[in-house]
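J.: Sharing a structure with you now.
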Amino acid sequence: MGAAVALCAFGFWGWGILVLFLGGIVLLTYFFNENMILAQWFLRKEKSEKAEEWLLKITDYEKQLNKSQHGYYNLLIGLIESRKSPMKSEKYFKKSLSLGMKMSHNTALAKLSLAGIAMAKRNKREAQMYLSEATKDDKNKLLTEQIKMMKAQMGQMDKQQVVRGGYRHF
């Protein structure tokens, strides 16, 4: 970065900007793992197979990633796993919450996913707890539509009756 400033100061603007750009890429990949960045990009494009492929290149996340990225790694694995088998993704979401994440909307996303899993298990009390925590953590109101939809589905849980004996009565 110092070389880029020096090159610009001596009038070599083209080389200075090029060195600044290359230094920025090196600095970015030092603090953020390129596999994580690519996996997030593929998840935004809804290509979960490609995202999983990039995340699997991280063999030991505790050694390869900064400590602040451990929660995000587990969140991404949980999101990919939830598309295949939602019940198996619960451990990843819980682990990401225990490791911590800096951005509150990511914490809210993990809690919202856990609320969905709890609803699938027909555990209404746990689902309500996770939904209320997700509402508190969603400070930027990015997940309000999903939270409203989840609350509506929870209201439908009360109306559904489980018919014993396996027969429906009309």
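J.: In sequence order, what are the phi-derived ³J(HN,Hα) couplings for the stretch 102-109 according to the Karplus relation 6.51 cos²θ - 1.76 cosθ + 1.60 with θ = phi - 60°, rounded to whole Hz, with x for glycine and proline?
T.: Whole-Hz 3J(HN,Hα) from phi for the stretch 102-109: 6, 8, 5, 6, 6, 5, 5, 5.
J.: With every atom except the alpha carbons ignored, what do you get for Rg and Dmax of the stretch 18-82, in angstroms?
T.: 12.6, 42
J.: Please give the FRET efficiency for E62 paired with A9, using the beta carbon to beta carbon distance and R0 = 45 Å, rounded to the nearest 0.05.
T.: On the way: r = 42 Å, r/R0 = 0.94.
Efficiency at R0 = 45 Å is approximately 0.60.
J.: Just want the answer: with Cβ charges of +1 for Lys and Arg and -1 for Asp and Glu, which residue in A110, M149, F42 is farthest toward the dipole's positive end in the stretch 1-157?
T.: M149
J.: Take every Cα-Cα distance within the stretch 77-143, group them into 10 Å bins from 0 onward, and report for each bin the whole-number percent of pairs it holds.
T.: Result returned by the calculation: 24, 55, 21, 0.
J.: Next up: Suppose R0 equals 30 Å. What FRET efficiency, 1/(1 + (r/R0)^6) with r the Cβ-Cβ distance, do M149 and I37 give to the nearest 0.05? List each step's numbers first, then the result.
T.: Values: r = 30 Å, r/R0 = 0.99.
Taking R0 as 30 Å, the efficiency between M149 and I37 is 0.50.
J.: For the stretch 71-115, what is the largest minus smallest coordinate of the Cα atoms on each principal axis, given in angstrom and ordered from greatest to least?
T.: In descending order, the Cα extents are 27, 17, 13 Å.
J.: Then there's this: I'd like the distance between the alpha-carbon centres of the stretch 103-130 and the stretch 58-85, rounded to an integer number of Å.
T.: First find each Cα centre; the distance between them is then 18 Å.
J.: Explain nothing, just compute: Karplus ³J(HN,Hα) = 6.51 cos²θ - 1.76 cosθ + 1.60, θ = phi - 60°, for every residue of the stretch 51-65 in order, whole Hz, x for Gly and Pro.
T.: So the Karplus estimates, Gly and Pro as x, are 5, 5, 4, 6, 5, 6, 6, 8, 7, 10, 5, 5, 9, 8, 10 Hz.
J.: Could you derive backbone 3J(HN,Hα) for the stretch 44-49 from the dihedral phi with the Karplus parameters 6.51, -1.76 and 1.60 (θ = phi - 60°), listing whole Hz in sequence and x where the residue is Gly or Pro?
T.: So the J values, rounded to whole Hz, are 5, 7, 6, 10, 5, 5.
J.: Let me check the size of the chain from its C-alpha atoms; what are the radius of gyration and Dmax in Å?
T.: 22.0, 86
J.: In addition: Using a 1.4 Å probe on the protein heavy atoms only, what accessible surface does T144 show? Give it in Å² to the nearest 10.
T.: 50
J.: On C-alpha positions alone, give me the angle between the axis of helix 124-137 and the longest principal axis of the chain, in degrees, nearest 10.
T.: 30
J.: What does the convex hull of the Cα atoms come to per residue for the stretch 1-43, in Å³?
T.: Numbers: hull volume 2.5 nm³, N = 43.
Measuring per residue, one finds 57 Å³ for the Cα hull of the stretch 1-43.
The values are calculated or read from the model by the stated rules, or taken from the named source; none is laboratory data. These numbers come from a predicted model, not from an experiment. Ideal geometry is used to build each Cβ from the backbone, glycine not excepted, and the neighbour counts take in all protein chains shown. Ligands, DNA and RNA are excluded from the accessible area calculation, which covers all protein heavy atoms including side chains. Shrake-Rupley method; radii C 1.70, N 1.55, O 1.52, S 1.80 Å.
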